[in-house]
Amino acid sequence: MNDTQGHGPERTAEAFREVFGHAPAGVWAAPGRVNLIGEHTDYNDGFVMPLALPHTCLAAVSPRSDGVLRVHSGDAPGGAVELRVADLVPVEAGGDRGGWAAYPAGVVWALAEAGLLPGPSAGRAPGADLHFESTVPTGAGLSSSAALEVVTATALNDLYGLGIAPQRIARLCQRAENAFVGVPCGIMDQTASACCTEGHALFLDARDLTQRQVAFDLAAEGLRLLVVDTRVKHELGDGAYANRRASCEAAARALGVRALRDVPFGELDATLAELERLGCDETTRRRVRHVVTEDRRVEEVIERLDAGDTRSIGPVLTAGHASCRDDFEVSCAELDLVVETANAAGALGARMTGGGFGGSAIVLVEESDAEAVSKAVTEAFDAAGHRAPRIFPAVPSAGARRL
């Protein structure tokens, strides 16, 4: 299911009983996210500003003492996938990427790798039975995979009394996705799912993981942030994401800096000239320009929100989309159509959100204009022969928790 209705802890617990034949020890939730600004900056040690959605992945879970992991999804065909914790092998060590079950399995592997799960010396070989149900749209750039990872880690953290702080849960889940699943994502998605709070956007420094909750009460200001799911599916494991990350890392090495975050915005022109002198191609230089200017855009949005001038962030969002489209080349025709149509229909600003190559856009509108802008976007998709987009408000919501 792809809406926020119809799921709840009671229903998820009952589905667990139907699959596994006994009651779960509890039910947990972790949200998807949208990113207000700061795209492809997290793996460059830069700045991001996500907010959690009301759409969540729910997990009904019970511990096991026999080292067996059984995972089942109400949103995927087939029965429970059964694995042995001791036999889990990450992609980086030659393991098979597998399907959706690789994400929760990767979290268990990451916990074991970090020495956090009780070992045989404790008289047990921990495992778990897990049943998942999610309202986070998959393939929409809204971090459905991070929600799946974070809810798994949060549940096991509680069940086994591991005492892991939310920020470390995020790092462990990133490790699972990078090493076990084989997707070289940054830290933003997992941190948003684990650490966001209701009514706020999260300002995160991806280098030192310091974070600040920034008040983002759109309703109080007569504003609305719309999410437009283009229904164009993307797969970040297909190499395009990895290629862009590799390009950024190569540029940082050429410049002799730890990461592109270390290139000052005021020295961008000189830096681009230096990269040209060093023989870096135009594509690499454009990648650098995106990251450096995008970090600055995050800072601009923070400054404007802190000043109480929320409406003025609209043009910054639109500028971010142009940079993602032209310099980082991660947009697509459908995302561009959303941004162009929404702005023409009176939106304050719009941009793609997430890794790109499909997925979703966000649109900042006056609350009174939300219906007209949504209608204009839907009609534009119809006229272009695209599948109708799914449009809903992004309401800043709580991070992972036990229900």
Using a simple spin-label model with points 7 Å from Cα along the Cα→Cβ vector, what separation in nm is obtained for Glu10 and Asp217?
3.2 nm
To the nearest 0.05, how large is the calculated FRET efficiency for Asp309 and Glu366 if R₀ is 22 Å and r is the Cβ-Cβ distance?
0.90
Ratio of the Cα radius of gyration of the stretch 119-269 to 2.2 N^0.38 Å, where N counts its residues:
1.25
Averaged per residue, what accessible area in Å² does the stretch 338-403 show with a 1.4 Å probe, protein chains only?
40 Å²
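Note down the relative contact order for the stretch 149-232 as a percent, whole number, built from C-alpha pairs under 8 angstrom at least six residues apart.
Working: 74 pairs, mean separation 16.7, N = 84.
Worked out over the stretch 149-232, it gives 20 percent.
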For the stretch 136-252, what is the charge dipole size about the Cα centre, in debye to the nearest 20, if Lys and Arg each add +1 at the Cβ and Asp and Glu each add -1 at the Cβ?
200 debye
Find the relative contact order for the stretch 350-390 and round it to a whole percent, using C-alpha pairs within less than 8 Å whose residues are 6+ positions apart.
22 percent
Most positive-pole-ward Cα, Tyr241, Ala220, Leu202, against dipole of the stretch 97-243 from beta carbon charges
Tyr241
Candidates Gln211, Gln174, Gln190; GNM for the chain (alpha-carbon contacts under 10 Å) flags as most fluctuating Gln211
Once the dipole of the stretch 76-199 is set up from charges on Cβ (+1 Lys and Arg, -1 Asp and Glu), the residue from the list Ala101, Gly186, Pro77 lying farthest towards its positive end is Gly186
So, R0 is 35 Å and r is the distance between the beta-carbons of Val257 and Glu379; what FRET efficiency does that work out to, to 0.05?
0.15
Using a Gaussian network model of the chain with C-alpha springs under 10 Å, which one of Ala153, Ala246, Ala273 is most mobile by mean-square fluctuation?
Ala273
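Can you tell me how the stretch 185-254 classifies by the Cα gyration tensor, rounded, prolate or oblate, using a/c under 1.5 as the rounded cut?
It is oblate, given that a/c is not under 1.5 and a/b is not larger than b/c.
Rounded to the nearest 500 deg cm²/dmol, what is the calculated helix-only ellipticity per residue at 222 nm for the chain, with -39500 (n - 2.57) per DSSP H run of length n ≥ 4? Don't skip to the end; give the middle numbers.
Numbers: 11 runs with 148 residues, N = 403.
The helix-only estimate for the chain comes to -11500 deg cm²/dmol at 222 nm.
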Probe 1.4 Å - accessible area at Phe357, Å² to nearest ten
60 Å²
Once you have the Cα-Cα distance between Ala273 and Ala93, take 0.36 nm times their residue separation minus that, and quote the gain in nm to one decimal.
60.8 nm
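Under the rule a/c < 1.5 gives rounded, and otherwise a/b versus b/c splits prolate from oblate, where does the stretch 300-377 land using the Cα gyration tensor?
Working: a/c = 2.33, a/b = 1.15, b/c = 2.02.
The shape class here is oblate.
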Can you grab the distance from the C-alpha centre of the stretch 278-319 to the C-alpha centre of the stretch 355-382, Å, no decimals?
21 Å
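With a cut-off of 8 Å between alpha carbons and a minimum separation of six or more residues, what is the relative contact order of the stretch 1-88 in percent?
Numbers: 114 pairs, mean separation 24.0, N = 88.
Taking the mean separation of contacting Cα pairs over the length of the stretch 1-88, I get 27 percent.
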Under a Gaussian network model of the chain whose springs join Cα atoms within less than 10 Å, the largest fluctuation of Arg231, Arg258, Arg325 belongs to Arg258
Using modelled amide H (1.01 Å from N, peptide plane; none on Pro or chain starts), what sits under 5 Å from the amide H of Leu36, excluding residues fewer than 5 places away?
Met49, Leu51
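From the square roots a ≥ b ≥ c of the eigenvalues of the alpha-carbon gyration tensor of the stretch 1-95, which class results: rounded (a/c under 1.5), prolate (a/b over b/c), or oblate?
On the way: a/c = 2.57, a/b = 1.31, b/c = 1.96.
Cα axes put the stretch 1-95 in the oblate bin.
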Stretched out fully, how many nm does the piece from Ala388 to Leu209 gain, at 0.36 nm a residue minus the Cα gap?
60.6 nm
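The values are calculated or read from the model by the stated rules, or taken from the named source; none is laboratory data. Only a predicted model underlies this, so the values are computations on that prediction, with no experimental measurement involved. Because the Cβ atoms are built from the backbone with ideal geometry, glycine has one as well, and the counts that use them run over all protein chains shown. Note: accessible area is taken over every heavy atom of the protein model, side chains too, but ligands, DNA and RNA are not part of it. Shrake-Rupley method; radii C 1.70, N 1.55, O 1.52, S 1.80 Å.
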